[in-house]
């Protein structure tokens, strides 16, 4: 007898009428019409069941701090950084833990069960690292939380920035971070990339750098990051986040850059909500879109995933922990509205992000962790269009969150008594 069977599910690959059998927190069998019994059954009724959403780029130490100690009036990246600098001395471990746990509650309800958070190490107190290590332990039963040692004020630029980062890694942070474009000079930015990749190689750790988060086409630290990745043998273990300067680079240079990135197997992590809000901010018209070259990077075979980045913090006053909202924005900004485009966007919220984070036993296959989300949608395209309700969130075979279907009641003569937006989409050819 299985612990759980989900019946009649649609899968992201287009499979329909699939049963998923769970035993001991693991997918034991998966296929059509499995003859078996279980302690509990869920009828998906032809709705989409997907692996959980994954956020490979977030700032949990800043989340839900909107308005502390004041608002970002200009809405710019630089004022957000300055505001965070004002807030940082006021941070306490207790407040950081409380806000982070509140966000993790929200994330779990949205089917977001794996998060990579950058942790500011510029304050030598390292209260942010202490707090998020505590949070990582507390949420481990329901969220895989990875922590990046992130020198927010610059590895060289901040006083004792290099020492603080090393101490944070000694405390148990998982990944080496960086922000080369925020160093004082291009030369110091380049040197920081080399130094941080060396640390990662020596410690056997992955790398995830905020890289070229600027409109300046001459900010080309991703080139250095790719080269140092190959030099230190870190292929596949390095992520370049944001990469927004690529939206301003000339095509000839990009035609050389992307193959170098592909050789280094760089994981690319744009952040559509924040990139479209903060980049191109000082343009009048024509106005740049603000996100890196997603379509071209995907076409070159690079692993592209999307991060949420911020929720109600000094940089972004919006956000809800909904990765479908991130994907919805990506479709518009990247102008990827085709059927296959949208499938790629959905993958960038799930399997691609899991690959970027190096998650093991992720997916919908026999032997994978029984971590799943049932959505009020028939397929990934519909889920993205509607930012679909999470009807059930399952972690290791146990339901940890439920939501009622989003259905409106109508009081109109001669018309149906209710409206379910997910019931109105035409079925596309080819089972899509």
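Values in this text are rule-based calculations from the coordinates and carry no lab data. Here the structure is a predicted model, which means the values were calculated and not measured. FYI the Cβ positions are ideal-geometry reconstructions off the backbone, even for glycines, and counts take in every protein chain you see.
Quick notes on this one:
- Once you reduce segment 87-105 and segment 185-253 to the center of their Cα atoms, the two points are 30 Å from each other.
- Calculated from the structure at hand, P(r) over Cα pairs in 20 Å bins from 0, in percent is found among (1) 26, 56, 17, 1; (2) 22, 43, 27, 7, 0; (3) 22, 43, 23, 11, 1 as (1).
- Rounded tilt (10° steps) of 323-333 against the dominant C-alpha axis of the chain: 70 degrees
- Cα-based helix-to-principal-axis angle, 221-231 vs the chain, degrees rounded to 10: 80 degrees
- Angle in degrees between helix 161-171 and the longest Cα principal axis of the chain, rounded to the nearest 10: 40 degrees
- The chain: antiparallel DSSP beta bridges as a percent of all, rounded to 5: 40 percent
- Distance from the C-alpha centroid of segment 1-72 to that of segment 319-333: 19 Å, rounded to the whole angstrom.
- Estimated inter-spin distance, residue 29 and residue 94, nm [label 7 Å along Cα→Cβ]: 5.3 nm
- Sites residue 411 and residue 340 - FRET efficiency at Förster radius 35 Å, r taken between beta-carbons, to 0.05: 0.30
- Contact order, relative form, for the chain: 18 percent (alpha carbon pairs under 8 Å, 6 or more residues apart, mean separation divided by residue count).
- Inter-part distance, segment 345-389 to segment 256-308, computed on C-alpha centroids, equals 21 Å.
- If you run the Gaussian network model on the chain, springs between alpha carbon atoms under 10 Å, then out of 412, 297, 386 the most flexible one is 412.
- Between the beta carbons of residue 299 and residue 216, assuming R0 = 41 Å, the FRET efficiency works out to 0.95 to the nearest 0.05.
- Taking a ≥ b ≥ c as the square roots of the eigenvalues of the alpha carbon gyration tensor, segment 324-432 is oblate, as a/c is not under 1.5 and a/b does not beat b/c.
- Ranked 19, 170, criterion: other C-beta atoms within 10 Å, fewest first: 170, 19
- Between 355, 287, 342, the GNM of the chain built on Cα springs shorter than 10 angstrom shows 287 fluctuating the most.
- Peptides 228-241, 82-95 ordered by average Cβ neighbours within 10 Å, highest first: 228-241, 82-95
- Using 0.36 nm per residue and subtracting the Cα-Cα separation, the extra length available between residue 86 and residue 185 on full extension is 33.3 nm.
- Stretchable slack from residue 420 to residue 317, in nm (0.36 nm times residue separation minus alpha-carbon distance): 34.1 nm
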